[in-house]
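Structure record follows, encoded as structure tokens.
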Amino acid sequence: MCRYRVHFLRSVKNIARKCPVYHPKTIQEKLILLAVEDISEISGYYLKENTERKKAELKFRGLLESAPDAMVIVNSAGIIQLVNSQTEILFGFNRDEIFGKEIDLLLPSTTENSNQSFSDSLSENLKTRILGRAMDLFGQNKDGKKFPVEISLSQIETEEGQLISVAIRDISKQMRIEKELVEAKLFAEKAKEIAENAMMAKQQFLSNMSHEIRTPMNAILGFTKLIMKTGLTEKQIDFMNAIKTSGDSLIVLINDILDLAKTDSGKMEFEALPFKISDSIASMLHIFDAKIQENNLLFTKEYDENIPDVIIGDPIRLHQIILNLVSNAVKFTPAGEIKVSARLTSENENEVVVGFTVADTGIGIPPDQIDNIFENFQQATSSTSRIYGGTGLGLAIVKQLVEKQGGKVTLKSTLGKGSVFSFTLPFKKSSAQVKDDSDMITIDPEIKNIKVLIVEDVLLNQLLMKTILNDFGFEQDIAENGKVAIEKLKTKSYDIILMDLQMPEMNGFEATEYIRKKLKLNVPILALTADVTTVDFEVCKSVGMNDYIAKPVDEKLLYRKIVGLVKKPELNGQRKEKKYDRINKYKYIDLSGLTLITLSKPEFKVEMITLYMKQTPKLIAAMKQAFKEKDWAMLHSSVHKMIPSFSIMGISKSIEAMARKVQEAAYLKQNIEGLSDMISQIDIVCTGACLELNEELSLNKK
């Protein structure tokens, strides 16, 4: 109340006290006189006050109109006092149509199907909700259509009392996008499920085909080799060579298809073994000597002597890559030259990168086909397959094998003049001493008295395995399924079991599990499988198998695996005492692979173990410290250096996979979920491996 109004009231009271009788006219006249005296002062004050009020009101209205959302000002009863133009646009009402109405006209319910109005819960909202916090409700436009909105409340203090500002935002588009994202996610999950089911069906089909084709091929090729060892006429030898060549071609085709399936399903695995790269390449290229002479081709080899003598990698996959490329070069070069070269492209303290080139002067590849030549089932022209044969899988597999080992493959070609295929592969350096392949695959006539139980249901394969083992000089016994094998093991003892996986009555997995858990026998078990697409060595190990070999069986590989598992070389005609039991002796390591590699040089085995025990604790400490300090480069480096040793020391592939996830996270600099647990698990396993290796080292030194 202004001071002028106070002055007026005081004057009225004074006049009333002075007048003994009530004289309205006298009072009125006195008031008029008083008013006239201060009229100029009163007018000036209200003019100033009104101007300031109008300025403030205009400023407030300007802010209200500039807001991107609908703004509705209501009193505590929920009656609309003021709105902005966005409110008219959003709800379709004119200001006059909603001014003085309840806000329920715009916000009729708290949910889409609720009967509770917004104004009913307004006071409650102000008491219980934090001002400014967003709430999801449903608005209703002039046409009666409901739509989702997000509102936030704030209080405004005025002279007339408390008002409430309601900011309203249409979230229809946002909710539609969210719904579409959910639907897209569900669709993607469904599509992924369909793709996975299709992949599983494909894998199952390839698994069945592999088994069905390899089983008879095992017998065909096996008996062909045995017949060729007997006295044959020159013509018979030619016929047998033709059978063997055809069988080998079929096996190559099967292997190509299965390798393609493995890469598609992510199951392609690579070994990390020390080998002599020069000897390995030379022995592999020797396969083509006869064909090159037959075609009267000039064949040259170049080898960079700067490449380390021994490296660590996967020699079998290297053979497969070069075999495919040289095979193509021979096939598509009717005349001229083929050149194979290997050169050192780069090196550092721990690693070398070797570049390989296979060049020919053959038919070449059209320019428009160069980009597609590495795709599955692709050949240069439609007539290529008809004239030269093949499936178009070889180069696709080459690309997969190279890139999955961290290398790169390139092609330069001129139609009618030839092609140059180049690829690079990284290898680890090694100071190990490696035996010549010729020594490793030679059957030692001094190794005798090995008794083998063959568990196989196919009669041809039984006869084949029996014949091969006779050639090795090993005793053998036959069981046609797992149940028969178990009965034999209850009364007889064997040095090793060759266990087929797919058999009636009781398969190889069930029989092995029974042998380990019920019979409590630690006899080595070598799995025989014609299905190399779905066989998982981790599953084989989980039931107690020591190793596996694919059919058709390579005799020399079979021999090495048997000797490596049994380890019973004879000394002066006397059997050596078994110094340790391979089954369940160690928890974290399996040295069967390392023992096989170092069969004739135990000092090399000691050297490898010593090297591992020297470097691993330092790498573990570096890994843990790097993770603690979030030093991603150090974490990547330390784990990267640990991974190659896992396969050499027989550490679980699941731990290796875990280490690769840590390495990838460090490379991406991401603290992914479970990273700490994975690092702890690697620490536990590697520390445990060092303890077990120390025990192994003591045994070897003794």
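The values are calculated or read from the model by the stated rules, or taken from the named source; none is laboratory data. Values in this document were obtained by computation on a predicted structure and should not be read as measured data. We place every Cβ from the backbone using ideal geometry, glycine too, and count neighbours over all the protein chains shown. Heads up: the accessible areas ignore ligands, DNA and RNA and are worked out on the full protein's heavy atoms, side chains in. Shrake-Rupley method; radii C 1.70, N 1.55, O 1.52, S 1.80 Å.
Take the conditions open to solvent by 50 Å² or more (accessible area, probe 1.4 Å) and either at pLDDT 85 or above or touching a helix residue (DSSP H, G or I) at 6+ places or on another chain (Cβ under 7 Å) (or both) and apply them to residue 205. Does it pass?
It is false that residue 205 is open to solvent by 50 Å² or more (accessible area, probe 1.4 Å) and either at pLDDT 85 or above or touching a helix residue (DSSP H, G or I) at 6+ places or on another chain (Cβ under 7 Å) (or both).
Would you confirm, using the coordinates I've provided, whether residue 272 is open to solvent by less than 60 Å² (accessible area, probe 1.4 Å), touching a Gly at 6+ places or on another chain (Cβ under 8 Å) and modelled with pLDDT of 85 or more?
no
How many of the residues making up the stretch 374-390 are in contact with a helix residue (DSSP H, G or I) (Cβ under 7 Å, 6 or more places away or on another chain) and either of a type in the set (S, T, N, Q) or modelled with pLDDT of 80 or more (or both)?
Residues in the stretch 374-390 being in contact with a helix residue (DSSP H, G or I) (Cβ under 7 Å, 6 or more places away or on another chain) and either of a type in the set (S, T, N, Q) or modelled with pLDDT of 80 or more (or both): 3 in total.
When residue 489 is evaluated against the numbered criteria (1) open to solvent by 40 Å² or more (accessible area, probe 1.4 Å); (2) assigned to a helix (DSSP H, G or I); (3) at pLDDT 90 or above, which criterion, by number, is the only one it fails?
Here residue 489 meets the rest and fails (1).
Among the residues of the stretch 311-326, is there at least one that is farther than 23 Å from residue 404 by Cβ and of a type in the set (Asp, Glu)?
No, the conditions are met nowhere in the stretch 311-326.
What is the one condition in (1) of a type in the set (A, V, I, L, M); (2) out of contact with any Gly (no Cβ under 6 Å at 6 or more places or on another chain); (3) assigned to a strand (DSSP E or B) that residue 149 does not satisfy?
It fails just one condition, (2).
Here is a list: 514, 559, 548. Which entry is assigned to a helix (DSSP H, G or I), open to solvent by 30 Å² or more (accessible area, probe 1.4 Å) and either among the acidic types (Asp, Glu) or touching a residue at least 12 places away in the same chain (Cβ under 8 Å) (or both)?
514
Test residue 350 against the stated conditions and say whether it is under 35 Å from the mean Cα position of the chain (by Cα), surrounded by fewer than 16 Cβ atoms within 10 Å (Cβ to Cβ) and not acidic (Asp, Glu).
Here the answer is yes, as residue 350 does meet what is asked.
What number of residues in the stretch 391-430 are at pLDDT 80 or above, open to solvent by 30 Å² or more (accessible area, probe 1.4 Å) and not in a strand (DSSP E or B)?
Within the stretch 391-430, residues that are at pLDDT 80 or above, open to solvent by 30 Å² or more (accessible area, probe 1.4 Å) and not in a strand (DSSP E or B) number 10.
When you look at residue 322, is it of a type in the set (Val, Ile, Thr), in a helix (DSSP H, G or I) and surrounded by fewer than 18 Cβ atoms within 10 Å (Cβ to Cβ), yes or no?
Considered against the rule, which asks whether it is of a type in the set (Val, Ile, Thr), in a helix (DSSP H, G or I) and surrounded by fewer than 18 Cβ atoms within 10 Å (Cβ to Cβ), residue 322 comes out as no.
Hey, can you tell me all the residues within the stretch 398-416 that are touching a residue at least 12 places away in the same chain (Cβ under 8 Å) and more than 20 Å from the chain's Cα centre (by Cα)?
398, 408, 409, 410, 411, 413, 414, 415, 416
What number of residues within the stretch 303-317 satisfy the criterion of being in contact with a Ser or Thr (Cβ under 7 Å, 6 or more places away or on another chain) and in a helix (DSSP H, G or I)?
1
Please pick out the residue among 641, 630, 618 that is surrounded by fewer than 20 Cβ atoms within 10 Å (Cβ to Cβ), more than 22 Å from the chain's Cα centre (by Cα) and closer than 26 Å to residue 698 by Cα.
618 is the lone residue from the list that is surrounded by fewer than 20 Cβ atoms within 10 Å (Cβ to Cβ), more than 22 Å from the chain's Cα centre (by Cα) and closer than 26 Å to residue 698 by Cα.
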